[in-house]
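The values are calculated or read from the model by the stated rules, or taken from the named source; none is laboratory data. This one's a predicted model, so the numbers in the text were calculated from it and none came from an experiment. Don't worry about glycine lacking a Cβ; one is built from the backbone with ideal geometry, like all the others, and counts go over all protein chains shown. For the accessible areas, the whole protein counts, side chains as well, though only heavy atoms, and no ligand, DNA or RNA atoms are used. Shrake-Rupley method; radii C 1.70, N 1.55, O 1.52, S 1.80 Å.
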Amino acid sequence: MDDLEQSLGAACETGVHHISCYELTLEQGTRLAEEVRRGEVHMPDPDLIADMTDMVESFLTSHGYLQYEISNFSIPGHKCRHNLNYWANGPYMGIGCSAVSFLNRVRSRNRTSLSTYLEMIKEHGKAVGFSECLENEASFRESVVLGLRTNRGILCTDLKKRFGINLWEYYGDKIERLVDNHLLESQDDTVRLTRRGRRVANSVLSILV
């Protein structure tokens, strides 16, 4: 906790306008994941992680940073437009080896092997290795999950306009149960994660995928 507080303080002292604080995710197949599996490295327990999250939010808020997404904070007027586009499920183009694009509901990824990528670019002018076209419902669910990561939450009328789907009718009583358990809150046209919901966001969002 002391190390975290010192790191946050050092970041704030730089005067930087934007700070992202993500919990470590162990990726299968990595050296670190294997060391944790063998007990050589110990991950912090859930209670300590929760305490760290509380510290991040309270410390950065007290230093003038606005939390606008689960893991992102900014000085007012300096939200990351790049990230906001992702959370709004907006279009983007990826250029280069392994880059991912999302255009007209088609998600594609370029070849991950540099040699293969260069060869295909030379021969065909493109090097797409994978692509999928999201159906309307899949794109709707993805937009719900991404939008709920933001502190603003999701606007039901906006989703209805974009996809022709009513949030409450589509999910049935799932949304109501999450609201009753104080994991989501609903106000007027907006649905968002509560503070409690942000602590278990992955579990909440997995219900709505």
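So how many Lys-Lys pairs in the chain land under 27 Å Cα to Cα, not counting same-chain pairs under 8 apart? Eligible lysine pairs with Cα atoms under 27 Å apart amount to 4.
Please identify every one of the chymotrypsin sites (Phe, Trp or Tyr not before Pro) in the stretch 1-71 that sits in a loop by DSSP and has no more than 16 other beta carbons within 10 Å of its own beta carbon.
Hits after loop and neighbour filter: Tyr22.
For the chain, the percent of C-alpha pairs falling in each 10 Å distance bin, counted from 0 to the bin holding the largest distance, reads 7, 24, 30, 28, 10, 1.
Per residue, the accessible area of the chain comes to 63 Å², computed with a 1.4 Å probe over protein heavy atoms only.
What is the Rg over Rh value, at two decimals, for the stretch 87-209, using alpha-carbon atoms and the Kirkwood definition of Rh?
Result: Rg/Rh = 1.11.
The per residue volume of the convex hull around the alpha-carbon atoms of the stretch 164-209 is 73 Å³.
At a 1.4 Å probe radius, carbon and sulfur cover how many percent of the accessible area of the chain?
Carbon and sulfur: 51 percent of the exposed surface of the chain.
Debye calculation, C-alpha points only, no solvent: report log10 I(q)/I(0) for the stretch 59-108 at q = 0.17 Å⁻¹, in the same order as the q values. One equal scatterer on each Cα of the stretch 59-108 leads to -0.63.
The modelled label-to-label distance for the pair Val41/Met93, using points 7 Å beyond Cα in the direction of Cβ, is 3.8 nm.
How about the stretch 54-162: which trypsin sites (Lys or Arg not before Pro) there are in a DSSP loop, with at most 12 other Cβ atoms within 10 Å of their Cβ? In loop regions of the stretch 54-162 (DSSP not H, G, I, E or B), the sparsely surrounded trypsin sites (Lys or Arg not before Pro) are Lys126. Normalised by the number of residues in the chain, the mean separation of alpha-carbon contacts (under 8 Å, six or more apart) gives a relative contact order of 14 percent.
How big is the Cα convex hull of the stretch 1-83 in projection, averaged over all directions, in nm²?
So the mean shadow area of the Cα hull is 6.7 nm².
Where the alpha-carbon atoms of the stretch 110-170 are placed on the principal axes, they occupy 48, 24, 14 Å, in descending order.
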